[in-house]
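Undergrad: Got a structure for you, written out below as structure tokens; questions coming shortly.
The values are calculated or read from the model by the stated rules, or taken from the named source; none is laboratory data. These figures come from a predicted structure and were not determined experimentally. Here Cβ is always computed from backbone atoms with ideal geometry, including for glycine, and neighbour counts include all displayed protein chains. Each accessible area value is taken on the protein alone, full model and side chains, heavy atoms only, with ligands, DNA and RNA left out. Shrake-Rupley method; radii C 1.70, N 1.55, O 1.52, S 1.80 Å.
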Amino acid sequence: MISTPLRIAMIGLDHWYTALPLAQAFAAHPEVELVAIADADSDRAAEVRAKAGLDATPTSEKELLQDPRVDVIASFGSTDKNPAVCVAAAENGKHILSVKPLANTLAEATEIREAVHRAGVVFVPAESRHRAGALGLQLRRWQQEGRFGQLLTASFQMWGGLPRGWPGDSDPGWWIDPERAPGGGWIDHSIYHIDVLRWLTGGRVTKVSGVLGNLRHTHLAMEDFGHATMEFDTGLVAAIEDTWCAAPGGSRQSTTLVGTEGAISHDTLSGRLSVTDPVYGGWIQLPAPVAHPTTIDDLLTTVRREDEPLATVDDAWENLAACEAFYRACATGTTVTPQALPALP
């Protein structure tokens with residue numbers, strides 16, 4: 001039984017770029033009760049609890065996973081910690097909002113998927129919440145209206161700087177530790193792009209090739225640059241370049257989708273969305289909708305099963321499989337087919 005308000009507990013703050021805004025959104029939402037926040041670093045957990053207006057009493061991860069008051073676990077520790085949290089949450093009947101990617105390996109992702117399906121709980125991948133952003137919803141509407149026709153090509157480019165381990169830190173921390181994350185600058189954002197293409201096309205990645213390396217930060221143990229070519233079973237061919245190579249203050253993202261009937265181009269530098277218009281017969285410019293979701297209403301409706309799920313644990317597994325195929329393709333210098341979603345036991 002889902003409570004009213006929805007009771008959410010947060011475990012892990014390593015992925016603070018998402019966790020900190022979520023903590024504030026949970027605390028402010030009238031239909032949510034933020035029960036507690038647990039993190040391996042007690043000082044930063046106390047800092048976030050105070051900002052969210054919570055009781056300062058520390059709470060352990062185990063207590064939250066077993067607490068019958070908790071409906072949803074929001075897991076935002078480093079990727080290596082996520083499988084254990086998600087499996088335990090599912091086994092205790094908790095719905096899950098998971099960090100991206102959901103695991104370091106497909107074997108771990110499979111364990112999560114099986115636990116979620118056994119328990120019958122809702123699993124929302126963090127990378128899929130972009131589907132609920134105003135930009136994602138607009139693209140989806142245009143695609144469903146036939147404004148693009150069949151998507152033929154797509155390109156994404158994201159130039160970012162090195163992430164920070166915590167606000168104000170200069171040290172990237174866990175983000176550049178190959179024991180704690182499955183990759184570096186490429187997977188950091190490419191998993192969002194893969195998810196939106198799978199969502200818009202309803203297709204599956206069938207072939208992956210690419211190149212990765214360290215162009216700016218040569219001392220890192222993981223890549224700061226990656227460029228993938230991905231083919232989908234719908235016929236779409238996508239180029240996905242994601243990096244940590246941006247000049248200071250030079251972060252930027254661009255997106256282009258080209259179909260048989262129309263096209264769009266979006267650039268965060270200009271803040272404009274360009275789209276071909278069938279009446280005008282050329283490009284028109286519109287104010288760009290916000291790409292990131294600005295509310296948590298999508299999470300509430302998904303967990304309460306009031307609407308079609310925003311995304312599922314199967315989506316999270318497929319997204320990671322496409323990323324894993326890219327790293328294998330780069331390691332072997334070949335074109336690789338992602339692993340297929342395994343049958344459930």
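Undergrad: Helix 16-28 versus the longest principal axis of the chain: what is the Cα-based angle in degrees, 0 to 90, to the nearest 10?
TA: Between helix and principal axis, roughly 60 degrees.
Undergrad: Follow-up. So for the pair D177, R164, with labels modelled 7 Å out along Cα→Cβ, what separation do we get in nm?
TA: So the two model labels end up 1.9 nm from each other.
Undergrad: Relative to the first principal axis of the alpha-carbon coordinates of the chain, what is the inclination of helix 82-91, with its axis defined by its Cα atoms, in degrees from 0 to 90 and to the nearest 10?
TA: With both axes taken from Cα atoms, the answer is about 60 degrees.
Undergrad: How big is the convex hull of the Cα atoms of region 220-278, per residue, in Å³?
TA: Taking only Cα atoms, region 220-278 has a hull volume of 80 Å³ per residue.
Undergrad: Here's something else I'd like to know. Against the longest principal axis of the chain, how steep is helix 106-119, in degrees 0 to 90 to the nearest 10, with axes from Cα atoms?
TA: In the chain, helix 106-119 runs at an angle near 60 degrees to the longest axis.
Undergrad: Multiplying the sequence separation of R204 and T260 by 0.36 nm and subtracting their Cα-Cα distance, what value in nm do you get?
TA: Numbers: separation 56, 0.36 × 56 = 20.16 nm, distance 1.94 nm.
Computed gain between R204 and T260 is 18.2 nm.
Undergrad: Could I get the Rg over Rh figure for region 1-127? Both from C-alpha atoms, Rh via Kirkwood, rounded to two places.
TA: Over the Cα atoms of region 1-127, Rg/Rh equals 0.94.
Undergrad: Counting only helical runs of four or more DSSP H residues, what would the 222 nm mean residue ellipticity of the chain come to if each run contributes -39,500 (n - 2.57) and the total is spread over all its residues?
TA: Computed ellipticity for the chain at 222 nm equals -9500 deg cm²/dmol.
Undergrad: At R0 = 30 Å, how high is the FRET efficiency between D233 and E308 if r is their beta carbon distance? Nearest 0.05 is fine.
TA: Efficiency, from the Cβ-Cβ distance: 0.85.
Undergrad: Next question, about the same structure. Taking the Cα centre of the chain as origin, work out the dipole magnitude from +1 charges on Lys and Arg Cβ and -1 charges on Asp and Glu Cβ, in debye rounded to 20.
TA: 520
Undergrad: So, one more: If you stretched the chain out fully between E91 and R140, how much longer would it get, using 0.36 nm times the residue separation minus the C-alpha to C-alpha distance?
TA: Fully extending the segment from E91 to R140 adds 14.2 nm.
Undergrad: Right, next: Over the chain, with every protein chain in place, what whole percent of the accessible area is carbon and sulfur at 1.4 Å, could you tell me?
TA: 52
Undergrad: Now, a different point. Suppose R0 equals 51 Å. What FRET efficiency, 1/(1 + (r/R0)^6) with r the Cβ-Cβ distance, do R252 and R69 give to the nearest 0.05?
TA: Taking R0 as 51 Å, the efficiency between R252 and R69 is 0.70.
Undergrad: Using a 1.4 Å probe on the protein heavy atoms only, what accessible surface does K100 show? Give it in Å² to the nearest 10.
TA: Looks like 10 Å² after rounding.
Undergrad: Sorted by mean Cβ packing within 10 Å, highest first, what order do the peptides 252-259, 128-135, 194-201 take?
TA: On the way: 252-259: 18.6, 128-135: 20.9, 194-201: 22.4.
Order by mean packing, descending: 194-201, 128-135, 252-259.
Undergrad: If you don't mind, there's one more thing I want to ask. Report the label-to-label distance for T57 and R216 in nanometres (one decimal), using points 7 Å from each Cα along the Cα→Cβ vector.
TA: 4.6
Undergrad: While we're looking at this one, here's another question. If you wrap a convex hull around the alpha carbons of the chain, what volume per residue comes out, as a whole number of Å³? Walk me through the numbers before you get to the answer.
TA: Details: hull volume 48.1 nm³, N = 345.
Each residue corresponds to 139 Å³ of Cα convex hull volume.
Undergrad: How much accessible area per residue does the chain have, counting only protein heavy atoms and a probe of 1.4 Å, in square angstrom?
TA: On the way: 14840 Å² over 345 residues.
So the chain comes to 43 Å² accessible per residue, rounded to a whole number.
Undergrad: Let me ask another. Based on the mean of other beta carbon atoms within 10 Å per residue, what is the order of 293-305, 163-175, most packed first?
TA: So the peptides 293-305, 163-175, ranked by packing, come out 293-305, 163-175.
Undergrad: Pop out the Kirkwood hydrodynamic radius of region 242-339 from its pairwise C-alpha distances, inverse of mean 1/r, in Å to one decimal.
TA: Taking the inverse mean of 1/r over all distinct Cα pairs, region 242-339 comes out at 17.5 Å.
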